[in-house]
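Data first, discussion second: the structure below is written as structure tokens.
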Amino acid sequence: MILDVLERFSFFEDLSEAEVRLLAPYFSSQFFPAETVIFEQGDIAENLYLVVKGEVLIRYKPDDGPVMTVTRVQQGGVFGWSAALGNVAYTSSAVCTTDSEFLQVRGKDLRAICEKHPGVGKVILDRLANVIAERWESRRPQVTSLLAKGVHQQVGLPNRFKEVGRMAETKPLSQETQMKGLIEQLSAYIEHFHGGSVEFVAFNGKVLKVRLGGACLGCPLSPATLHGWVEGTVRQFFPDIERVEAV
């Protein structure tokens, strides 16, 4: 049954039948009635979920505002990607709007698959990066709330922001300075949730070069972090950027 469901998911298209069979033992079926909270924001991130039937609301509660609905994940969709990325905690909460069926896989199992089977892993990484980028697009208000002040502030201690000074508030900032501030804020966010980091290296107006560190070093899902978290966020503020590269 699980094999049949996996074969129908677009998330795994381009995989051979043998590769899908390889994945099947790592997945289990779950059913949750309507109004069930699958996980809360801040819970330990353990599982990635595929929606077989039903609908899930993804909600986010910023520190300085009310709960917002990030997106609705329906049949064929994926959520809980914090677990796949190795995050310590889920960055949002998930609640069923209807009776729903899912396939779930532990994040650590998914990462192990990517390490042992690079071909399968590449497909999964590409799909995860797309999911993350789309989610960031829908979370523009959240991203803005957390990161926009990076053009005027610098990172201090985790979860705290320090004013750069009066000159930064009154003197127009160069595009490179704005990008540096944004990357600093984004790095603090990534470090808070899964112990990774991203460092600004260079930006020529079209190509951004960064260096991943911390938990991102050696992580098989670092491409998803780069193209989902980093590139997806940067494009919110610099839509003309051509690409983001890790060096």
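The values are calculated or read from the model by the stated rules, or taken from the named source; none is laboratory data. Remember, it's a predicted structure, so these values are computed and weren't measured experimentally. Note that each Cβ is placed from the backbone with ideal geometry, even for glycine, and that neighbours are counted across all protein chains shown. Accessible surface is based on the protein model in full, side chains and every heavy atom, while ligands, DNA and RNA are left aside. Shrake-Rupley method; radii C 1.70, N 1.55, O 1.52, S 1.80 Å.
Report, by chain and number, residues whose modeled amide H sits under 5 Å from the one on E245, excluding near sequence neighbours (fewer than 5 apart, same chain).
L208, K209, V210
Given an 8 Å cut-off on Cα distances and at least 6 residues of separation, report the relative contact order of segment 1-109 as a percent.
37 percent
Tell me, what HN-Hα J-couplings in whole Hz come from the Karplus equation 6.51 cos²θ - 1.76 cosθ + 1.60 at θ = phi - 60° for each residue of segment 97-108, using x for Gly and Pro?
Running phi through 6.51 cos²θ - 1.76 cosθ + 1.60 with θ = phi - 60° gives 8, 9, 4, 9, 10, 9, 10, 10, 9, 5, x, 5 Hz.
Assuming R0 = 45 Å, what is the FRET efficiency of D240 and M1, from their Cβ-Cβ distance, to the nearest 0.05?
0.45
Order these peptides, 176-185, 20-29, by their mean beta-carbon neighbour count within 10 angstrom, highest first. Don't skip to the end; give the middle numbers.
On the way: 176-185: 20.0, 20-29: 15.1.
Highest to lowest by the protection proxy: 176-185, 20-29.
Between segment 212-247 and segment 4-18, what is the C-alpha centre distance in whole Å?
Centre-to-centre distance over Cα atoms comes out at 27 Å.
May I ask which of K53/K209; K61/K180; K53/K108; K108/K180; K61/K116; K122/K209 have a Cα-Cα span longer than 29 Å here?
K53/K209; K108/K180; K61/K116
Ranked highest first by the average count of other Cβ atoms within 10 Å around their residues, in what order do 203-210, 103-110 fall?
Those peptides, ordered most packed to least, come out 103-110, 203-210.
So what's the projected area for segment 1-135, the Cα convex hull averaged over all directions, in nm²?
Mean orientational projected area (segment 1-135, Cα hull): 7.7 nm².
What is segment 81-129's relative contact order, in percent, from Cα pairs under 8 angstrom and six or more apart in sequence?
After rounding, I find 33 percent.
Per residue of segment 9-24, in order, report the coupling 6.51 cos²θ - 1.76 cosθ + 1.60 (Karplus, θ = phi - 60°) as ³J(HN,Hα) in whole Hz, putting x for Gly and Pro.
For segment 9-24, the Karplus curve yields 7, 4, 4, 10, 5, 5, 8, 6, 4, 5, 5, 5, 4, 5, 6, 3 Hz.
I'd like the accessible area for I241: 1.4 Å probe, protein heavy atoms, all chains in place, Å² to the nearest 10.
My reading of the accessible area for I241 is about 10 Å².
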